[in-house]
Structure formats: C-alpha cells, structure tokens
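Written below as structure tokens is the structure these notes are about.
The values are calculated or read from the model by the stated rules, or taken from the named source; none is laboratory data. Everything numeric here is computed off the predicted structure, so don't read it as measured data. Backbone-built Cβ (ideal geometry, glycine too); neighbour counts: all protein chains shown. Please note that ligands, DNA and RNA were not included when accessible areas were found on the heavy atoms of the full protein model with its side chains. Shrake-Rupley method; radii C 1.70, N 1.55, O 1.52, S 1.80 Å.
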Amino acid sequence: MEDTNLSLPTLLTCYTYNPAHQLLEEERLFKAGRSERILLSKSYTYDEDGNLLKEEEWGNNRLLRKKTYLWDYENHLLKVEREEKTIFYPSPTHTGG
C-alpha cells in the first residue's frame, strides 16, 4: 500500500530562549519526510547583567562567523569584534576536454 501522506520538504526556523527571555539558539532546519538536517545554527551568550557577550554562527559543523561584545561597568557597549571564516571548496579537476 502506498503512503499518500507524504509531506513536502520544509524549511523551519526554531528558537530557544532562557528564563529571562533572551535568545540562546536559532536553528534553521531542512525537513523532508521523517528526516531533518540543521542547515545553520546560531548561539548567543550573555553576562549576568543580560548583555550579549558572544554570537556564533555555525554551518556544516564549522564556525562561520563570531561576534564578541565588550561592555563597561555601566553596561555601555564599548566594542564589537567580528571574525569570519572563509571556506574554500576544492574545484574539480578536469582531464581532457
């Protein structure tokens, strides 16, 4: 018997928050049937005053982007450092042609 309840592939975004309602994680998922795959994941870290300290973006189990935030003792933002990773994919070698 053929399954007629096949679902179309779906892109989903899921969010996770802490008890202080701060965003901890954001995941973009590709879901097809019963399988799902994380395409992109972002994580957020805060200090005890609620200031954002770090933001990381992951794809394919690799760190793609990272932002670090520096705050003073009065919770004024002093500095944002941004780091991006460049991923090189090997090009196919062609023989003949």
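Please specify each residue of region 55-66 satisfying the condition of being open to solvent by 70 Å² or more (accessible area, probe 1.4 Å) and either closer than 12 Å to Tyr44 by Cβ or assigned to a strand (DSSP E or B) (or both). If you could, list the steps in order and put the result at the bottom.
Taking region 55-66 first, the residues open to solvent by 70 Å² or more (accessible area, probe 1.4 Å) are 58, 60-62, 65.
Once the filter is applied, which keeps residues that are open to solvent by 70 Å² or more (accessible area, probe 1.4 Å) and either closer than 12 Å to Tyr44 by Cβ or assigned to a strand (DSSP E or B) (or both), region 55-66 yields Trp58, Arg62, Arg65.
Residue check: is Ile87 modelled with pLDDT under 85, surrounded by 14 or more Cβ atoms within 10 Å (Cβ to Cβ) and of a type in the set (A, V, I, L, M, F, W, C)?
Details: modelled with pLDDT under 85: yes; surrounded by 14 or more Cβ atoms within 10 Å (Cβ to Cβ): no; of a type in the set (A, V, I, L, M, F, W, C): yes.
Answer is no for this residue.
Evaluate the following for Tyr69: is it touching a strand residue (DSSP E or B) at 6+ places or on another chain (Cβ under 6 Å), among the aromatic types (Phe, Trp, Tyr) and surrounded by 15 or more Cβ atoms within 10 Å (Cβ to Cβ)?
yes
Name the residue, out of Gly50, Gly97, that is in a loop (DSSP other than H, G, I, E, B), modelled with pLDDT of 75 or more, at positive phi and of a type outside the set (A, V, I, L, M, F, W, C).
Gly50
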